[in-house]
Amino acid sequence: MVTQEQAVIRAVTSIDVARLAGVSQSAVSRAFSPGSSISDQTKQKVLAAAESLGYRPNRIPAIMLSGRSCMVGVVIGGLENPFYATALERLATALRENGLQVLLMHVDDALTLDNALDQLVSYRIDAIVTSLAIGSKTVAQALSRLRIPVVCFNSSLVGPWISTINSDNHGAGFAAAHLIMEKGRVRPVWLAGPERNAASLARGEGFLQGLQQTGASHIELTRLQGDDTYDSGYEAMLSLKRQGIRPDSLFASNDMMACGAMDALREEMDLRCPDDVIMLGYDNIPQAAWRSYDLTSFDQCTGKMVARALELLEKAFQAKDSSHSHTHIIDAKLIERGSTRLPL
């Protein structure tokens, strides 16, 4: 029998565990394979023996036999925005609960998956899930050639093997415009994210269409460009001050910019929210609920987006070599707070 002292000298194998538990080596393998046929009593004996010996199963043989690593590449960027950190935590937890391993890949570009392509092709992964969009058709074609399922959040480009799950960015922008008009505001500001941000573009298009549908010819719309950061939201309001523009409402492409804009309006222009300026953001990050902001925001419902991503992966794994491509839209939920509630 192998003792714990001997196990320190050499790596513990499944044979050692089988001997200590008094079972076959195949029983040890089944005990560590989700969904395998094994009695609870036998499984507990194996796990107890493995724990006493400090055994950890080697996944390489299973990978060689099945051709699957059960590893999902999760590509992220822009973690300075709390929304992405929250989405990553939910996604990683859900993948592990479904028996999948997470290979985390970080890229400096917070907008597109393009710069991660070289990393992705160098690992043996079964799928890719990312909060980043695909920025070009060339990259979409390269991802399709990997012949593994790819699930993106808020990407306008798809292709064979590539699916996207989008927040209803256009619909939310449309709703934001109608809310502002219902409050009787006529000098709205649209604070967009970077030009390459597909989600921001859709939100802006919906917002402009919503304003146009109201038929109010006296609307004085100001369009500004930010980069999804707090500082760019603050600077955008300083540019309004320099131009002598006094807004009465603002819709920002994300909450980070909205928070920066709100602070600048207070500190630099002596404007109060919502009395002077009503404001809406997007993402419903934790800071939006802070009393200092009390920001109305659209929640992307990341829980639903993650659940849909797992459904797509399961279908793709079952289909094996069949290519597929799906686009799903998840309704954004308006969370109205004090920034749009006018005093009586």
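Does at least one position in region 282-296 carry a residue that is hydroxyl-bearing (Ser, Thr, Tyr), assigned by TED's automatic domain parsing to the domain that holds Ile162 and open to solvent by 40 Å² or more (accessible area, probe 1.4 Å)? No - not one qualifying residue is present in region 282-296.
The set of residues in region 313-325 that are surrounded by 13 or more Cβ atoms within 10 Å (Cβ to Cβ) and either in contact with a Leu (Cβ under 6 Å, 6 or more places away or on another chain) or on the phi > 0 side of the Ramachandran plot (or both) is empty. Inclusion of Gly193 among residues that are in contact (Cβ under 8 Å) with a residue 40 or more places away in the chain, within 30 Å of Cys152 (Cα to Cα), small (Gly, Ala, Ser) and surrounded by fewer than 18 Cβ atoms within 10 Å (Cβ to Cβ) is not warranted.
Looking across Leu120, Leu91, one residue alone is modelled with pLDDT of 75 or more and surrounded by 14 or more Cβ atoms within 10 Å (Cβ to Cβ). It is Leu91. Per the listing Ala319, Ala288, Ala309, the residue uniquely over 18 Å from Leu91 (Cβ atoms) and modelled with pLDDT under 95 is Ala319. None of Lys315, Lys304, Lys320 is of a type in the set (D, E, K, R) and touching a strand residue (DSSP E or B) at 6+ places or on another chain (Cβ under 9 Å) except Lys304.
For the condition outside any helix (DSSP H, G or I) and at pLDDT 95 or above, Leu250 qualifies.
Scanning region 285-295 for residues that are closer than 30 Å to Met71 by Cβ and touching a Phe, Trp or Tyr at 6+ places or on another chain (Cβ under 8 Å) turns up at least one hit.
The lone criterion from (1) within 15 Å of the chain's Cα centre (by Cα); (2) assigned by TED's automatic domain parsing to the domain that holds Glu80 left unmet by Leu143 is number (1). Whenever a residue of region 299-320 is more than 20 Å from Ser131 (Cβ to Cβ), its partners that are hydrophobic (A, V, I, L, M, F, W, C), lying with C-beta atoms within less than 8 angstrom and at least six residues away or across chains, give the pairs Phe317/Ala127. Within region 297-331, the set of residues being more than 15 Å from Asp126 (Cβ to Cβ) and charged (D, E, K, R) comprises Asp299, Lys304, Arg308, Glu311, Asp331. When Glu267 is tested against (1) open to solvent by 70 Å² or more (accessible area, probe 1.4 Å); (2) in contact with a Pro (Cβ under 9 Å, 6 or more places away or on another chain); (3) not in a loop (DSSP other than H, G, I, E, B), exactly one condition is not met: (2). One residue stands out in region 97-106 among those that are open to solvent by 50 Å² or more (accessible area, probe 1.4 Å) and within 16 Å of the chain's Cα centre (by Cα): the one that is modelled with the lowest pLDDT, namely His106.
The residues on offer are Arg203, Arg185, and the sole one that is over 25 Å from Asn166 (Cβ atoms), open to solvent by less than 30 Å² (accessible area, probe 1.4 Å) and either acidic (Asp, Glu) or in the same structural domain as Asp275 (by TED's automatic domain parsing) (or both) is Arg185.
The values are calculated or read from the model by the stated rules, or taken from the named source; none is laboratory data. Just so it is clear, the structure is predicted and the values come from calculations on it, not from any experiment. Neighbour counts are summed over all protein chains in view; Cβ atoms, including those assigned to glycine, are modelled from backbone coordinates with ideal geometry. In case anyone asks, the SASA skips ligands and DNA or RNA and just uses the protein heavy atoms, side chains included. Shrake-Rupley method; radii C 1.70, N 1.55, O 1.52, S 1.80 Å.
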